[in-house]
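Beneath this line is the structure, given in structure tokens, with notes to follow.
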Amino acid sequence: MRSLLGRAERAGALELQRSLIPAPPPRVPGLELAARYRPGKALVGGDWYDVFDLPSGEVGIVMGDVAGHGLSAAVVMGRMRSALRAYALDNDDPAEVLRKLNRKMLHFEPEATATVLYAVVDPVVGRVRVSSAGHPPPVLALPDGPAESVDMKFDVLIGLGENLPRRTMTFGLRPGALLCFYTDGLIERRNEPILDGVARLCEATYASPPETVGAAVMSAMIGREAPEDDVALLVARRVP
């Protein structure tokens, strides 16, 4: 009986893990999307991406990374993802959404920390509003130029400092321009400055169909090796 219970518990844990793995992005009018997710040592972890429609007609894009590994980090990630979606329905300012998420996590899960980047994209007018809770900025590739990391300020991580200010920045997204969102597992390497990893990512990113770019980025940055840390990647291009 004990062995049967043990197998049932393991099967339940595996099913929970599978449900927490990020799903393929939905179809969004005006945007082309592609995503990649590769776990590190565990089957799942705390890295996630999310894409959803907003009442304003804009599109919410999230990239986040919960501290820790394995199932426990994935469970926190699932709760954080649901809370952020709820706050996004009530407020169109990314900084305010992250402020509310931070307040919720400090109250209900004070031991958890995470980096989160939340962007609101208007594919009709070509506008992006974004706020970062300690998360790396996206890489922007224009149709007629090299890719560069978006120059933006970092605010404090989720789970730290309730009363510290959070900021939203706005920039344009031309037709055919592409944004590359990612977690730090894509760019961090032992004994290598993180800016070198960002530079390699910029070299691998270009304004083309997102599926092609996603495959090229993963090949250049990860290759066939199993990553030490979880890797999430989301590529979005405004329809040319």
Test result for Gly145, over 22 Å from Leu195 (Cα atoms) and either assigned to a loop (DSSP other than H, G, I, E, B) or of a type in the set (Lys, Arg) (or both):
no
Count of segment 196-219 residues which are farther than 23 Å from Gly46 by Cα, part of a helix (DSSP H, G or I) and not β-branched (Val, Ile, Thr):
9
Among the residues of segment 158-171, which ones are out of contact with any Leu (no Cβ under 7 Å at 6 or more places or on another chain) and either open to solvent by less than 50 Å² (accessible area, probe 1.4 Å) or outside any strand (DSSP E or B) (or both)?
Leu160, Gly161, Asn163, Leu164, Pro165, Arg167, Thr168, Phe171
Considering each of Leu84, Leu89 in turn, give the residue that is closer than 12 Å to Gly60 by Cβ and touching a Pro at 6+ places or on another chain (Cβ under 8 Å).
Leu89
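The values are calculated or read from the model by the stated rules, or taken from the named source; none is laboratory data. As the structure is a computational prediction, the values presented were derived from the model and not from experiment. No Cβ is skipped: glycine too gets one built from the backbone with ideal geometry, and neighbour counts run over all protein chains shown. With ligands, DNA and RNA removed, areas are computed over all heavy atoms of the protein, side chains included. Shrake-Rupley method; radii C 1.70, N 1.55, O 1.52, S 1.80 Å.
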